[in-house]
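Let me begin by presenting the structure, written as structure tokens, before commenting on it.
The values are calculated or read from the model by the stated rules, or taken from the named source; none is laboratory data. Quantities reported herein were computed from a predicted structural model and do not represent experimental measurements. Every residue, glycine as well, gets a Cβ built from its backbone with ideal geometry; the counts of neighbours run over all protein chains shown.
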Amino acid sequence: MTERVDALVIGAGPAGLMAAEVLMAEGRRVVVAEAMPTPARKFLMAGKSGLNLTKAESDTDFWPRLAGYEHAGFGPSQVMAWAEGLGIPLFAGSTGRVFPVGMKASPLLRAWLARLRDGGVELRSRWRWVDLKDGVGFQTADGHRVINADVTVLALGGASWPRLGSDAAWVPVLADAGVQIAPFRPANMGFAVDWTAAMGRVTGHAVKGVAIHAGDLVSRGEWVITRQGIEGGGIYEVAAAIRDGVPARVDLAPDLTVDALAARFAKPKGKLSLGNWLRRVLGDPVKVALLLEWGQPLPQDAAGWAARAKALPLRHDGAMGLDRAISSAGGITRQAVDADLQLNALPNVFAAGEMLDWEAPTGGYLLTGCLDSGRRAGLAAAAVLAR
């Protein structure tokens with residue numbers, strides 16, 4: 001069965017829904033096809049512990065954090081105004097990260113879907129895109145269906161969290177059509193560490209009050225020691241650099257100078273065990289465990305202990321895989337699209353979101369980039385329809 005529509009959006013995540021909203025505003029008939037049973041599953045999962053919508057920064061500070069991304073200007077202030085227009089009150093935390101007052105993603109998504117539905121957007125779940133033969137082909141519960149659309153926006157996500165729908169199954173379809181695609185790599189991910197048995201005492205504990213240095217980047221955020229390695233926001237902030245081979249070091253006392261820390265280490269150990277002595281100096285058993293784990297061979301004097309604690313090598317066994325990554329790098333290359341995100345190999349077909357080859361740290365950057373690119377692709381598609 002074949003049908004014709006003005007605009008087809010494939011993928012019901014933030015980028016796809018934003019493209020649909022823009023096209024809807026132009027009075028077009030918009031169909032959104034989603035492979036999963038419900039829309040925006042990764043968006044909901046990301047917001048389970050608090051939806052970090054964007055970051056309250058100036059554009060000059062915000063956009064450079066999105067590596068390889070060319071923005072269209074739908075930045076933090078615009079994203080906040082858009083969410084508030086959906087009736088979602090927001091607040092900015094002490095770090096500038098912006099959240100809904102209720103913290104959850106579901107109220108925003110419900111309000112958004114209601115607005116799209118009221119505007120005539122049709123959402124079709126369990127429609128999996130499979131081919132480009134004689135139109136855009138889908139595998140559905142009713143068999144193979146084909147849509148011929150005047151414009152199409154692709155927003156199928158990258159390759160992280162495949163169980164939520166971002167499985168990069170679209171790659172062969174576009175590759176066969178001549179679209180250049182960079183291999184996917186994990187982004188905002190943890191790192192595997194083959195811990196010694198002694199680290200079992202601090203498994204599951206948060207690492208607080210430290211700084212990670214990776215080249216010119218510095219992260220002061222918290223992270224967690226897991227059985228498999230290290231994960232958490234403090235790691236994700238510098239994960240791309242570490243993944244790409246930049247050596248990382250952990251400062252266990254970032255608020256003290258080397259000399260001030262050496263003075264603490266110079267105090268007599270007395271009859272204290274090594275662990276208790278280090279705990280007295282550093283004040284945290286998790287920091288002590290890391291120092292003993294990554295600080296071998298152990299120093300012999302106060303100056304050596306201070307130097308080691310201020311620049312502890314972050315030893316790891318490589319990045320965790322895409323199935324555990326928050327997001328992914330790679331995808332449709334910049335050379336494969338024009339200035340309006342239209343695919344050079346497929347006229348009137350646009351791409352947005354994590355399908356494109358760019359990456360951003362956590363903290364609202366990734367979600368804002370998806371909304372911005374979805375809006376950009378939607379506007380360009382609407383302009384084609386207007387012509």
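Can you tell me which residue among Arg117, Arg28 is surrounded by 19 or more Cβ atoms within 10 Å (Cβ to Cβ), at negative phi and either in contact with a His (Cβ under 9 Å, 6 or more places away or on another chain) or outside any strand (DSSP E or B) (or both)? Only one candidate qualifies: Arg28.
Of all residues in the range 355-380, those being touching a Lys or Arg at 6+ places or on another chain (Cβ under 9 Å) and part of a helix (DSSP H, G or I) number 2. A residue that is in a loop (DSSP other than H, G, I, E, B) and in contact (Cβ under 8 Å) with a residue 24 or more places away in the chain can be found somewhere in the range 180-187. Exactly one residue out of Ala382, Ala377, Ala352 is surrounded by fewer than 24 Cβ atoms within 10 Å (Cβ to Cβ), among the small types (Gly, Ala, Ser) and not assigned by TED's automatic domain parsing to the domain that holds Asp244: that is Ala382.
Scanning the range 233-242 for residues that are surrounded by fewer than 22 Cβ atoms within 10 Å (Cβ to Cβ) and not aliphatic (A, V, I, L, M) returns a single hit, Gly233. Within the option set Val258, Val288, being more than 21 Å from Gly190 (Cβ to Cβ), among the β-branched types (Val, Ile, Thr) and either surrounded by fewer than 21 Cβ atoms within 10 Å (Cβ to Cβ) or not assigned by TED's automatic domain parsing to the domain that holds Val218 (or both) holds for one residue only, Val258. If you filter the range 36-61 down to residues that are hydroxyl-bearing (Ser, Thr, Tyr) and not in a loop (DSSP other than H, G, I, E, B), you find that the one that is farthest from Thr140 (Cα to Cα) is Thr60. Of all the residues that make up the range 51-82, how many are under 20 Å from Trp112 (Cβ atoms) and either without any contact (Cβ under 8 Å) to a residue 24 or more places away in the chain or of a type in the set (S, T, N, Q) (or both)? The total comes to 5.
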